[in-house]
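See structure below.
The values are calculated or read from the model by the stated rules, or taken from the named source; none is laboratory data. Keep in mind the model is a prediction, meaning the values are calculated, not measured. Because the Cβ atoms are built from the backbone with ideal geometry, glycine has one as well, and the counts that use them run over all protein chains shown. Areas reflect the complete protein model, heavy atoms only, side chains present, ligands, DNA and RNA absent. Shrake-Rupley method; radii C 1.70, N 1.55, O 1.52, S 1.80 Å.
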Amino acid sequence: NTRFQICQVLINLCKTWLRLADYVEKGIFDGEEITEFLKGLLAPSLEKHVDAIVLGCTHYPFVEKVIQRIAGPDVKIFNGAHGTALELQRRLRIAELLTPSIEKGTVEFYSSSTNPETIKLCHQLFEA
C-alpha cells in the first residue's frame, strides 16, 4: 500500500543545451530559428513521453513559451525563477531591506560592458 509512483528522470547535459543560452543572449526568444533548434533539442526526451521538463538554467524561462508549445499542454514545465524570487524576498526580509511599499519601484542596471547592445539586451531580458 504505497502512495509513491516510480519515475524515471532523464537528464540532458550536453553542449547543445548550452547553445540555447546563446539564443537568449542574442535576444532571440521566439521565431522559426529557435523553434527548430528547440524541436531538435527536445525530440529525444519527448519521444520518451516525458511528463515534465525542468528549466535548469536562468536563461531557459525566456523561451518557456516556445518549449511549452513544442512539448504540448500535457507536459508540465517547472521554472525555478519563482522560487529564486521568493528566496530573494526572504533574504531581504531577514536583512531588513524589504520595503513594505506596494508602489512600483525603479531598476538601475550597472554593467562593466560599454557595449550598447549588451545594455539594451539587459533591458529586454528584464522586461520579458
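Determine which member of the set E117, E108, E87, E64 is without any contact (Cβ under 8 Å) to a residue 24 or more places away in the chain, among the charged types (D, E, K, R) and open to solvent by less than 60 Å² (accessible area, probe 1.4 Å).
On the way: E117 fails: open to solvent by less than 60 Å² (accessible area, probe 1.4 Å); E108 fails: open to solvent by less than 60 Å² (accessible area, probe 1.4 Å); E87 fails: open to solvent by less than 60 Å² (accessible area, probe 1.4 Å).
Residue meeting the stated conditions: E64.
Output the number of residues of region 30-58 satisfying the condition of being open to solvent by 40 Å² or more (accessible area, probe 1.4 Å) and at pLDDT 85 or above.
Selection size over region 30-58: 14.
Which residue pairs have Cβ atoms under 7 Å apart, sit 6 or more places apart or on different chains, and have a first residue in region 23-41 that is within 18 Å of L125 (Cβ to Cβ) and a second that is open to solvent by 30 Å² or more (accessible area, probe 1.4 Å) and in a loop (DSSP other than H, G, I, E, B)?
Listed by first residue and then by second, the contacts come to V24/H59; F29/A128; I34/I28.
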